[in-house]
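Worksheet for the structure shown next.
The values are calculated or read from the model by the stated rules, or taken from the named source; none is laboratory data. Just so it is clear, the model here is predicted, and its values are computed rather than measured. Cβ coordinates were reconstructed from backbone atoms using ideal geometry, including for glycine residues, and neighbour counts include every protein chain displayed. Protein only, heavy atoms only, side chains kept; ligands, DNA and RNA dropped before computing areas. Shrake-Rupley method; radii C 1.70, N 1.55, O 1.52, S 1.80 Å.
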There are 2 protein chains.
Amino acid sequence: LKTNLDCIPCFLRQAVMTAKDLNLNEDQAQALIRRTLELSLQMDWSVPPPLMGRDVHRLIREMTGDKDPYLAKKITATERALSLLPEMESAVAGSSDPFLTAVKLSIAGNVIDLGVATGASTDIKKAMQDALTATVNQQAVDSLRRAIQDAGDILFLTDNTGEIVFDLPLLEHIGSDKVTVAVRGSPTINDATMEDARRSGLTDRFRVITNGTDIPGTWLDECSDEFVREFEAADLVLSKGQGNFETLNDNERRLFFLFLVKCATVSRMTGEPVGSFMVLENPS
Amino acid sequence: LKTNLDCIPCFLRQAVMTAKDLNLNEDQAQALIRRTLELSLQMDWSVPPPLMGRDVHRLIREMTGDKDPYLAKKITATERALSLLPEMESAVAGSSDPFLTAVKLSIAGNVIDLGVATGASTDIKKAMQDALTATVNQQAVDSLRRAIQDAGDILFLTDNTGEIVFDLPLLEHIGSDKVTVAVRGSPTINDATMEDARRSGLTDRFRVITNGTDIPGTWLDECSDEFVREFEAADLVLSKGQGNFETLNDNERRLFFLFLVKCATVSRMTGEPVGSFMVLENPS
C-alpha cells in the first residue's frame with residue numbers, strides 16, 4: 001500500500017498525539033512536529049506508511065533518549081490483557097464455534113494501538129466484549145479454518161503489545177507444534193518485541209522469532225535474512241494488524257490478514273467501514 | 001488565538017480535503033500538500049490559524065489560476081439558503097422569543113463551512129431545523145439582547161457564503177438603520193465577499209463594507225484602514241464564525257462572538273463540546 005495524500009495529515013496527527021501521550025515538553029513537541037513535517041517532505045511516497053511511522057518513532061527515541069518510550073504503557077496493556085485471559089479462554093471453550101471466537105478475540109485485540117488515534121475506545125475489556133458480538137466474513141473464516149488445518153507450519157506475524165495476549169486463544173488452537181510467532185526486532189511505538197512476548201507468556205508456549213526491524217509493519221526489504229527465509233518457507237502466514245497489512249498487501253504468497261479497519265484509506269481499499277473486523281485472504 | 005500543535009495536522013487535513021473538493025489532479029494535489037508542509041514549517045506560530053488558511057488558499061488560487069475556486073459551491077449554498085429563508089422568517093415570526101430564534105438561526109448557518117471538515121453534516125435544511133431546538137447560554141443571549149438595544153451603531157462581521165442568508169433574520173431584527181455588515185475583501189475559501197452579499201440580497205437592505213483582506217478571519221493588522229476605523233468606532237461589534245473568533249478573541253473592545261465550536265482547540269478554550277452553539281461576550 002503506497003502512502004497517499006490522506007496519510008500526510010495522519011502522520012502529523014500521530015506525531016501530535018505521541019507528543020501528548022509521552023508528555024513531551026513544548027520544545028520537544030514543536031521539534032517533533034517540525035521534523036515530522038520535514039520527513040513528510042523528504043519521504044518516498046511509493047513506500048507504505050509504516051516506514052514513515054518508523055522514522056517518526058526513531059526520532060522520538062532519539063529526542064527522549066529513551067529506547068522504549070512506550071514501555072510503561074506496554075506493561076500496563078499486558079497486565080490488563082492477561083487479567084482478561086481466563087475470561088477469553090472460557091468464552092472460547094463455551095462457544096459453539098471456538099475457532100471463530102478465537103479469531104474474533106484476536107482481531108478485537110487490535111484496538112490496542114497507540115499509533116493511530118481513531119477516536120475509538122481502547123478499553124480492553126470492552127474490546128473483548130465487543131468481539132463476541134462482532135461479525136466477520138464467514139466465508140473468509142471458513143477458508144482460514146481450512147488453510148490452518150491443511151498447513152504443516154504457520155508463521156504468525158503479531159502486531160501490538162497487549163494484543164498478543166488476545167492472540168493466545170487462536171495460537172493455542174493452532175498449536176505450538178505448528179506455529180511460529182514473529183515480533184518486531186526492536187521497540188517501535190507499542191508494537192510487541194521479544195521482551196513483550198516474554199512478559200505476555202508467549203515465549204513459554206511458542207517458538208518466537210523477530211523480524212529484525214523497528215518498522216511498525218513487515219517490510220521484507222528490511223527484515224533480517226533469517227526472517228525472510230521463514231516467511232517464504234512457511235506453508236501459511238497469518239498477519240495481524242493494519243501495519244502488517246499495509247506493508248504486505250502487495251505480497252503474492254498466500255497469507256491471511258486479520259485486523260480492524262482503522263482509517264479511511266484502508267476502508268476504501270477493503271470496502272468496509274472503519275472499525276470492521278477483517279479476515280482477508282491474499283492473493284484475493 | 002495562537003496556532004498550536006493541533007492546528008498543524010488540521011492544516012494538512014484541510015489541504016487534502018480542498019484538493020478533493022476542487023477536484024485537483026494528482027500532481028496539483030501533491031504540490032498543494034508539499035507546499036502546505038513547507039508553509040507549516042515556515043509559519044509564524046504566534047499568529048492565529050486563519051493566516052495559514054489564507055496562505056494555503058492563495059496557493060490554491062495560484063495553482064488553479066482561478067480567482068474564486070469556490071464560486072460554484074458558493075452560488076449553490078446561497079440558492080439553497082435563500083430557498084429556506086421564508087421558512088426561517090416564519091419560524092422567527094411564530095416564535096415566543098423571535099430574537100432568540102434569529103440568533104440561533106444565525107449560529108446554525110455557521111455549519112456552511114467548507115474550510116473545516118468536522119464530519120458534521122452540512123445539510124443546510126437540517127441545520128435550520130437543529131437550530132430551533134439547540135440550546136444557547138441564556139445569560140449571554142440576554143446580555144447580547146441588551147447590548148444591541150443600547151448600541152447606536154453595530155458592525156456585523158460575517159463569515160461564510162450561505163451562512164449570511166441565515167444571518168438575515170437577526171440583521172432585520174437589529175435594523176438596517178443601525179447595522180453595517182462586513183464581508184471579506186476578496187475570495188478565500190467560501191467566505192462571503194461583496195459579490196456574495198449582493199447575490200444573497202444583503203446589499204439591497206443593508207450597508208455592506210469589506211475588511212480588505214483575503215484572510216478567513218478578521219486580522220486587524222492587515223485589514224484596510226477604513227475597516228479598522230469602522231471596527232473601532234462602532235458601539236458594538238458582532239462577530240460570526242470560528243475564524244473571526246480565532247483572530248479577534250484577544251481583542252479588548254466589547255464584542256460578541258456567535259459561532260459553532262468546530263475543533264478540539266476551541267472546545268478546550270470555551271469549555272464546550274464541538275458542535276455547541278456559542279454566544280460569547282468579549283472581554284469575558
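Any idea what the B:THR64 label distances to the other copies are, label 7 Å down the Cα→Cβ vector, nm, shortest first?
B:THR64 label point versus its equivalents elsewhere: 4.1 nm.
Over both sides of the A-B contact, add up the buried accessible area with a 1.4 Å probe and give it to the nearest 100 Å².
Numbers: alone 12280 and 12280 Å², together 22760 Å².
Adding both sides of the contact gives about 1800 Å².
Taking the Cα centre of region A:50-105 as origin, work out the dipole magnitude from +1 charges on Lys and Arg Cβ and -1 charges on Asp and Glu Cβ, in debye rounded to 20. Intermediate results must be reported in sequence, preceding the final value.
Values: 8 positive and 8 negative charges, 49 e Å.
Its charge dipole is roughly 240 debye.
What do you get for the angle between helix A:26-42 and the principal long axis of chain A? Use alpha-carbon atoms, 0 to 90 degrees, nearest ten.
It works out to around 80 degrees.
Which ³J(HN,Hα) values, rounded to whole Hz and listed in residue order, are derived for region A:218-234 from phi using the Karplus coefficients 6.51, -1.76 and 1.60 in 6.51 cos²θ - 1.76 cosθ + 1.60 with θ = phi - 60°, glycine and proline given as x?
Calculated HN-Hα couplings, in order: 10, 9, 4, 3, 10, 6, 5, 4, 4, 5, 4, 4, 5, 4, 6, 7, 4 Hz.
Can you give me the angle between helix B:138-150 and the longest principal axis of chain B, using Cα atoms only, in degrees from 0 to 90, rounded to the nearest 10?
With both axes taken from Cα atoms, the answer is about 70 degrees.
Ignore the peptide's own chain and count Cβ atoms of other chains within 10 Å of each Cβ in A:31-42; give me the average, rounded.
Values: counts 0, 1, 7, 3, 1, 4, 9, 3, 1, 7, 7, 1.
That average works out to 4.
Which whole-number percent is the relative contact order of region B:136-189 (Cα, under 8 Å, 6+ apart)? Please report the intermediate quantities before stating the final value.
On the way: 26 pairs, mean separation 22.9, N = 54.
Here the relative contact order equals 42 percent.
Counting only other residues whose beta carbon sits under 10 Å from that of B:LEU170, what net charge do I get with K and R as +1, D and E as -1? Could you put the intermediate results ahead of the total?
On the way: positive: B:LYS104, B:LYS240; negative: B:ASP167, B:GLU172.
Net local charge, B:LEU170 excluded: 0.
Got a sec? Charge dipole of the protein assembly as shown, +1 on Cβ for Lys and Arg, -1 for Asp and Glu; which of B:PHE257, B:GLY175, A:PRO283 is way out at the positive end?
Value computed over the given set: B:GLY175.
Run the 1.4 Å probe and let me know the accessible area of B:TRP45, rounded to the nearest 10 Å².
20
Relative to the longest principal axis of chain A, what angle (0 to 90°, nearest 10) does the C-alpha long axis of helix A:98-108 take?
The answer is roughly 0 degrees.
If only Cα atoms are counted, what is the Rg of the protein assembly as shown, and what is its Dmax, in Å?
Rg and Dmax of the protein assembly as shown, Cα atoms, are 27.6, 87 Å.
Enumerate the amide H contacts of A:LEU255 below 5 Å, restricted to partners 5 or more residues apart or on another chain; note that Pro and chain-start residues carry no placed amide H.
Hits under the 5 Å cutoff: A:ASN282.
Which cross-chain or sequence-distant (5 or more) residues have an amide H under 5 Å from the amide H of B:GLY241, H modelled 1.01 Å from N in plane?
When sequence neighbours closer than 5 places are left aside, the close amide H contacts are B:LEU258, B:PHE259, B:LEU260.
Just checking the output field for B:8-17: average partner chain Cβ neighbours within 10 Å of each residue's Cβ? Please list the in-between numbers first.
Working: counts 10, 13, 4, 2, 11, 6, 1, 3, 7, 3.
Shielding by partners across B:8-17 averages 6.
Chain B: D in µm²/s via Stokes-Einstein (Kirkwood Rh, Cα pairs, 20 °C, 1.002 mPa s)?
Details: Rh = 18.9 Å.
Once the numbers are plugged in, D ends up at 114 µm²/s.
Comparing B:ASP153, B:ASP167, B:ASP130, which has the greatest mean-square fluctuation in the GNM of chain B with Cα pairs linked when under 10 Å apart?
Of B:ASP153, B:ASP167, B:ASP130, the Gaussian network model singles out B:ASP130 as fluctuating most.
For the protein assembly as shown, what is the accessible area per residue in Å² when the probe is 1.4 Å?
Details: 22760 Å² over 568 residues.
For the protein assembly as shown, the per-residue accessible area is 40 Å².
Taking A:GLY275 in one copy and the same position in all the others, each labelled 7 Å out along Cα→Cβ, what are the pairwise distances from the first, in nm, shortest first?
1.3
So how strong a dipole does chain B carry about its Cα centre when Lys and Arg Cβ are +1 and Asp and Glu Cβ are -1, to the nearest 20 debye?
Dipole magnitude for chain B comes out near 500 debye.
In percent, what relative contact order does chain A have, based on Cα pairs under 8 Å that are 6 or more apart in sequence? Present the calculation step by step, with values, prior to reporting the outcome.
Numbers: 477 pairs, mean separation 54.8, N = 284.
Relative contact order comes out at 19 percent.
Using the Karplus curve 6.51 cos²θ - 1.76 cosθ + 1.60 with θ = phi - 60°, work out ³J(HN,Hα) for each residue of region A:77-83 in order, rounded to whole Hz, and write x for Gly and Pro.
Calculated HN-Hα couplings, in order: 4, 5, 5, 4, 5, 5, 5 Hz.
Between the label point of B:ASP235 and that of the same position in each other copy, find the distances and list them shortest first in nm, with every label point placed 7 Å from Cα along the Cα-to-C-beta direction.
8.8
Counting only residues 5 or more places away or on other chains, whose amide H sits under 5 Å from the amide H of A:VAL208 once H atoms are built in the peptide plane?
For A:VAL208, the qualifying residues are A:VAL181.
With 18 Å as the limit, write out which pairs from B:LYS126/B:LYS240; A:LYS20/A:LYS240; B:LYS104/B:LYS126; B:LYS20/B:LYS74 have Cα-Cα distances beyond it, or answer none.
Where the Cα-Cα span goes over 18 Å, the pairs concerned are B:LYS126/B:LYS240; A:LYS20/A:LYS240.
When chain A is modelled as a GNM with alpha-carbon springs shorter than 10 Å, which of A:SER106, A:SER46, A:SER95 fluctuates the most?
Of the options given, A:SER46 has the highest mean-square fluctuation.
Taking springs between alpha-carbon atoms closer than 10 angstrom, which of B:ALA197, B:ALA131, B:ALA233 fluctuates most in the Gaussian network model of chain B?
The residue with the greatest mean-square fluctuation here is B:ALA233.
To the nearest 20 debye, what charge dipole does the protein assembly as shown have about its Cα centre, counting +1 at the Cβ of each Lys and Arg and -1 at the Cβ of each Asp and Glu?
On the way: 58 positive and 84 negative charges, 97 e Å.
Roughly 460 debye, rounded to the nearest 20.
Let me cross-check B:ARG198: its accessible surface, 1.4 Å probe, with only protein heavy atoms counted, in Å² to the nearest 10?
140
With θ taken as phi - 60° and the coefficients 6.51, -1.76 and 1.60, list the Karplus ³J(HN,Hα) couplings across region A:256-272 in order, rounded to whole Hz; mark glycine and proline as x.
Taking θ as phi minus 60°, the curve returns 10, 9, 10, 6, 8, 5, 10, 8, 4, 5, 6, 5, 4, 4, 8, x, 10 Hz for region A:256-272.
When Cβ neighbours within 10 Å are restricted to other protein chains, what is their mean count per residue of peptide A:72-78?
Going residue by residue through A:72-78 and averaging, the value is 0.
For the full complex of protein chains and a 1.4 angstrom probe, list B:SER83, A:SER143, B:SER96 by accessible area with the highest value first.
Working: B:SER83 85, A:SER143 15, B:SER96 125 Å².
In descending accessible area the options line up as B:SER96, B:SER83, A:SER143.
Output needed: percent of Cα pairs per 5 Å distance bin for region A:1-111, bins running from 0 to the one holding the longest distance.
2, 10, 17, 15, 13, 12, 11, 10, 7, 3, 1
Under 17 Å Cα-Cα from B:LYS67, which aspartates and glutamates qualify once same-chain neighbours fewer than 8 residues away are excluded?
Qualifying aspartates and glutamates at Cα under 17 Å: B:ASP21, B:ASP55, B:ASP191, B:GLU195, B:ASP196, B:ASP214.
Per residue and in cubic angstrom, what volume does the convex hull of the Cα atoms of region A:122-223 have? Display every interim value, and only then the final one.
Details: hull volume 11.9 nm³, N = 102.
Dividing the Cα hull volume of region A:122-223 by its residue count gives 117 Å³.
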